[in-house]
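Participant: What follows is a single structure, and I will ask about it in a moment.
The values are calculated or read from the model by the stated rules, or taken from the named source; none is laboratory data. Since the model is a prediction, treat every value here as computed from it, not as a measurement. Note that we place each Cβ from the backbone using ideal geometry, even for glycine, and neighbour counts take in every protein chain shown.
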């Protein structure tokens, strides 16, 4: 018992910086700081309460023992204390409870409801508005980020910038950032109010950066809001916090917070990249089957695998298998029609480009042992 | 009514036709509360070894970063099984075993009210255990589908992706639920109808009270779990979309159903153990329990509040601020009944004349560790801070600090306390002390450091972790090995006491300070006891003529 008390004391004295990480990492957001303060507040109360209880127990254990010849007081429970302890104790506990709950509630009021309006909006409440949104989309087992306000116009349509953030295939478990690196990091500006919109395309995930101070689930069919203003430049690492299947342990989150200027530059370079891709996709280039397969896998894994499964084997009764399915192996026109217009629970995918659609249909017709015709972008164009 | 207890015990020794059936029939056809209680306890011990072995596998994998022993899906499968085996296989049957053995003895009843149903509710358990083991191993056979990688919470949509093993698990839950509901009905009927006529509800022993409250809790919550998993089954096979967003369903609905069961379930695990401590602490303090009536009030309050705070397991699902405030304040208020119970235990030790036999050593350490676990529970109830703690090793450390002392160790203490009554032999005190100290050190070494891991950012249920968490995981794994091995001492201790070699004979009142009707019958307790009801006084003791 005493060991616990000393170790908890140790925890507090090492609270901010320690080799092994005994407490929350230093928060880098305003909300994170608030949360850190509430955490320390409660922990101090808990520690003091623990020490008091242990001290009383220790005293009793030393003093009231038969081996010391202490005679038991058979009427202790009938004294005034015994008669009224059932009132005294709950009142004391209730007092501490309200102290803690009051503090927690005031913190909660400050941040629980995410701002609803963009600061650029003329009627926006300047104290409670956001500068930009980032959509956080959980996948088995990687993260996708989307910038709804940042993107390019192409052929009269708006294409937001997307970042696909997949874990690196490193194998050395002794290395510093083992399980903590991704191929594409999420870049965000500092001193900017960002609203995060979390959702998922397959199972439950949770987006968690300890330095930001909070985590929020990513639930299919839901969009959950959180918001934070990062005050410090740097690279921050977290990981998925809700069990999401086989590779749950390998779903890192890496955020790089940069200055506003640097962020602008990054956005511009992303825009240029996106524009080049779009041009490429819409040119009259003749796509080979191999090119379509590579592109198709990417589209499939992002858009279709949530229901039809990465291995094309479907999911339950509602989501049929594509592997060996009569549609994927049958006439191309019927296949194109279903993908374009949907069927029952399956939504239509008209909003995808001709190249993406032809690629994904080709992929579905030729992956997992399927062997059927190739579909070219021109086929989609004529089917629309 | 005038028959004295010694006569009853004496009487039974001479009536062989009242004895048990011979051979396997004695157990399979048993209607006797003592035999069924023993079977519950033995079943629980087997499950404890199974659950303990899975815990060892988990800690072995987590000893170092990197994948060493287990594939990720196998790891998740073991994590799922560890929880289910421990909760449904080890703790609940052990508590039911104590209930079967002790409730009739304590209230002066000859047996449980519904002895045949008692037999059924036990024998459903091995069937459920077989289904549970099948759910674990079936993926390793050709065509067996994928492994259960959801954790015991079985959250969809992940649980919709799992292969047929999930269906085995769903039926396991159904069987376990039926078994527990039947046992609960039996306990309620027994307590209300079979008490010695002179025993009022107020002077009924606290252990019996805790089981009365527990039985009501079980009947209220288990059907909700059964409904939830049945909806899961329908989603998997009959094309419904209760939990499937693509079909208009709601994945979060399952979380509410699960935790409406899952949170009160914690009190189902804890309450019988509170009852056990309420007998052990006064016995070795040589004075009555402090605040008997407040104890009863506190357990009813605990069960009532416990029913309506379930969503504190789900602070990160994006509830409204009004909802999270309600669940936060409700959860913090749990500290009132729990605080009162722990206070009563400490006040019982105050101005007492304590002796330190193994059950008392356990009881004291349980009170201390439970207070610690309860305080981290208050921390977890705080919504803003919980956004960090949620789904980290901090949570793992917290619930092991309440469930391990609060449920498991208290059951060990109860077994040691009543073993002399069951077997007629005193256990080996020295060995029991060894068991206590090794398990105390092992347990704290395993779980204390996990608080740090959680705060520093290690999520739970991960098979592999970044290198910054290596040191504490290593400590935790080494201590877990000590903790796991310490249970061999317990096993040996129990077998030694049953065989009675190298032990001393127990008196009918095996502990000098022990109070209650169970100590009025001989040790070992004869096959039939309390053929005629005793008359008790206001303290619940036999009225001396």
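Participant: Only one of (1) free of Cβ contacts under 8 Å to residues at least 12 places away in the same chain; (2) surrounded by 20 or more Cβ atoms within 10 Å (Cβ to Cβ) fails for residue B:534. Which number is that?
Facilitator: Every listed condition holds for residue B:534 apart from (1).
Participant: Can you tell me which of B:497, B:503 is crowded, with 22+ Cβ neighbours inside 10 Å, within 30 Å of residue B:288 (Cα to Cα), in contact with a strand residue (DSSP E or B) (Cβ under 8 Å, 6 or more places away or on another chain) and touching a residue at least 24 places away in the same chain (Cβ under 8 Å)? Spell out the reasoning first.
Facilitator: On the way: B:503 fails: crowded, with 22+ Cβ neighbours inside 10 Å.
Answer to the check: B:497.
Participant: Looking at segment B:299-336 only, could you name the residues that are assigned to a helix (DSSP H, G or I) and within 8 Å of another protein chain (Cβ to nearest Cβ)?
Facilitator: In the first step, residues of segment B:299-336 are kept if they are assigned to a helix (DSSP H, G or I); the result is B:299-306, B:310-313, B:315-317, B:321-333, B:335-336.
B:316, B:317, B:321, B:324, B:325, B:328, B:329, B:332, B:333, B:335, B:336, listed by residue number.
Participant: Something else now. Determine which single condition residue B:91 fails, assuming it passes every other condition in (1) closer than 20 Å to residue B:494 by Cβ; (2) without any contact (Cβ under 8 Å) to a residue 24 or more places away in the chain.
Facilitator: (2)
Participant: How about segment B:56-77: which of its residues are free of Cβ contacts under 8 Å to residues at least 40 places away in the same chain and more than 10 Å from chain A (Cβ to nearest Cβ)?
Facilitator: Across segment B:56-77, the qualifying residues are B:57, B:58, B:69.
Participant: Could we say that residue B:450 is assigned to a helix (DSSP H, G or I), within 13 Å of chain A (Cβ to nearest Cβ) and modelled with pLDDT under 95 here?
Facilitator: No; evaluated as a whole, the condition is false for this residue.
Participant: Evaluate the following for residue B:187: is it assigned to a helix (DSSP H, G or I) and either in contact with a strand residue (DSSP E or B) (Cβ under 6 Å, 6 or more places away or on another chain) or farther than 15 Å from residue B:262 by Cα (or both)?
Facilitator: yes
Participant: Kindly list the number of the only condition in (1) in contact with a helix residue (DSSP H, G or I) (Cβ under 8 Å, 6 or more places away or on another chain); (2) farther than 19 Å from residue B:27 by Cβ; (3) surrounded by fewer than 24 Cβ atoms within 10 Å (Cβ to Cβ) that fails for residue B:126.
Facilitator: (2)
Participant: Could I ask something else about it? Looking at (1) away from chain A (no Cβ under 13 Å); (2) more than 21 Å from the chain's Cα centre (by Cα), which one does residue B:161 not meet, given that it meets all the others?
Facilitator: With (1) away from chain A (no Cβ under 13 Å); (2) more than 21 Å from the chain's Cα centre (by Cα) applied to residue B:161, the lone miss is (1).
Okay, residues lined up against (1) under 12 Å from the mean Cα position of the chain (by Cα); (2) closer than 26 Å to residue B:154 by Cα:
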{"position": "A:181", "(1), (2)": "no, no"}
{"position": "A:184", "(1), (2)": "no, no"}
{"position": "A:201", "(1), (2)": "no, yes"}
{"position": "A:204", "(1), (2)": "yes, yes"}
{"position": "A:240", "(1), (2)": "yes, yes"}
{"position": "A:246", "(1), (2)": "no, yes"}
{"position": "A:251", "(1), (2)": "yes, yes"}
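Participant: Within the bounds of segment A:150-165, is there any residue that is within 14 Å of chain B (Cβ to nearest Cβ), touching a residue at least 24 places away in the same chain (Cβ under 8 Å), out of contact with any helix residue (DSSP H, G or I) (no Cβ under 6 Å at 6 or more places or on another chain) and in a loop (DSSP other than H, G, I, E, B)?
Facilitator: Looking for residues that are within 14 Å of chain B (Cβ to nearest Cβ), touching a residue at least 24 places away in the same chain (Cβ under 8 Å), out of contact with any helix residue (DSSP H, G or I) (no Cβ under 6 Å at 6 or more places or on another chain) and in a loop (DSSP other than H, G, I, E, B), one finds none in segment A:150-165, hence no.
Participant: May I ask you to verify whether residue A:273 is outside the structural domain of residue A:351 (by TED's automatic domain parsing), surrounded by fewer than 24 Cβ atoms within 10 Å (Cβ to Cβ) and either closer than 30 Å to residue B:158 by Cβ or touching a residue at least 12 places away in the same chain (Cβ under 8 Å) (or both)?
Facilitator: No; evaluated as a whole, the condition is false for this residue.
Participant: With respect to residue B:402, is the statement that it is under 24 Å from the mean Cα position of the chain (by Cα) and within 30 Å of residue B:527 (Cα to Cα) true? Before you say what the answer is, go through the steps one by one.
Facilitator: On the way: under 24 Å from the mean Cα position of the chain (by Cα): yes; within 30 Å of residue B:527 (Cα to Cα): no.
It is false that residue B:402 is under 24 Å from the mean Cα position of the chain (by Cα) and within 30 Å of residue B:527 (Cα to Cα).
Participant: Inspect segment A:78-96 for any residue being in contact (Cβ under 8 Å) with a residue 40 or more places away in the chain and either at the interface with chain B (Cβ under 7 Å from one of its Cβ atoms) or surrounded by 12 or more Cβ atoms within 10 Å (Cβ to Cβ) (or both) and give the result as yes or no.
Facilitator: Checked segment A:78-96: at least one residue is in contact (Cβ under 8 Å) with a residue 40 or more places away in the chain and either at the interface with chain B (Cβ under 7 Å from one of its Cβ atoms) or surrounded by 12 or more Cβ atoms within 10 Å (Cβ to Cβ) (or both).
Participant: From (1) at the interface with chain B (Cβ under 9 Å from one of its Cβ atoms); (2) in contact (Cβ under 8 Å) with a residue 60 or more places away in the chain, pick out the condition that doesn't hold for residue A:208.
Facilitator: With (1) at the interface with chain B (Cβ under 9 Å from one of its Cβ atoms); (2) in contact (Cβ under 8 Å) with a residue 60 or more places away in the chain applied to residue A:208, the lone miss is (2).
Participant: Of all residues in segment A:215-229 being under 13 Å from residue A:195 (Cβ atoms) and touching a helix residue (DSSP H, G or I) at 6+ places or on another chain (Cβ under 9 Å), which is surrounded by the most Cβ atoms within 10 Å (Cβ to Cβ)?
Facilitator: Once the filter is applied, the top-ranked residue is A:216.
One line per residue, one yes/no per condition, for (1) at pLDDT below 55; (2) outside any helix (DSSP H, G or I); (3) over 30 Å from residue A:59 (Cβ atoms):
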position: A:12; (1), (2), (3): yes, no, no
position: A:16; (1), (2), (3): yes, yes, yes
position: A:26; (1), (2), (3): no, yes, yes
position: A:37; (1), (2), (3): no, no, yes
position: A:40; (1), (2), (3): no, no, no
position: A:46; (1), (2), (3): no, no, no
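Participant: Here's a follow-up. What are the residues in segment B:24-37 that are crowded, with 19+ Cβ neighbours inside 10 Å and part of a helix (DSSP H, G or I), if any?
Facilitator: B:33, B:34, B:35, B:36, B:37
Participant: So, residue B:78, is that one over 30 Å from residue B:519 (Cβ atoms) and touching a helix residue (DSSP H, G or I) at 6+ places or on another chain (Cβ under 6 Å) or not? Working first, answer last.
Facilitator: Values: over 30 Å from residue B:519 (Cβ atoms): yes; touching a helix residue (DSSP H, G or I) at 6+ places or on another chain (Cβ under 6 Å): yes.
Criteria met by residue B:78.
Participant: Right, next: Out of the residues in segment B:140-154 meeting the condition of being more than 23 Å from the chain's Cα centre (by Cα) and surrounded by fewer than 22 Cβ atoms within 10 Å (Cβ to Cβ), tell me which one is nearest to the other protein chains (Cβ to nearest Cβ).
Facilitator: Taking the candidates together, the pick is B:146.
Participant: So, one more: Please go through (1) more than 22 Å from residue A:238 (Cα to Cα); (2) touching a strand residue (DSSP E or B) at 6+ places or on another chain (Cβ under 8 Å); (3) surrounded by fewer than 20 Cβ atoms within 10 Å (Cβ to Cβ) for residue A:122 and return the number of the only condition it doesn't satisfy.
Facilitator: Looking at each condition in turn, residue A:122 falls short on (2).
Participant: Moving on to the next point. How many residues does segment B:345-366 contain that are under 24 Å from residue A:83 (Cβ atoms) and within 7 Å of chain A (Cβ to nearest Cβ)?
Facilitator: Going through segment B:345-366 one residue at a time, the tally reaches 8.
Here is a yes/no grid of residues against (1) surrounded by fewer than 21 Cβ atoms within 10 Å (Cβ to Cβ); (2) within 14 Å of chain B (Cβ to nearest Cβ); (3) more than 23 Å from residue A:146 (Cβ to Cβ):
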{"position": "A:254", "(1), (2), (3)": "no, yes, no"}
{"position": "A:263", "(1), (2), (3)": "yes, no, no"}
{"position": "A:286", "(1), (2), (3)": "yes, no, yes"}
{"position": "A:296", "(1), (2), (3)": "no, no, no"}
{"position": "A:303", "(1), (2), (3)": "yes, yes, no"}
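Table: residues versus (1) over 30 Å from residue A:70 (Cα atoms); (2) over 19 Å from the mean Cα position of the chain (by Cα); (3) within 9 Å of another protein chain (Cβ to nearest Cβ).
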position	(1), (2), (3)
B:193	yes, yes, no
B:204	no, yes, no
B:235	yes, yes, yes
B:241	yes, yes, yes
B:264	yes, no, no
B:279	no, no, no
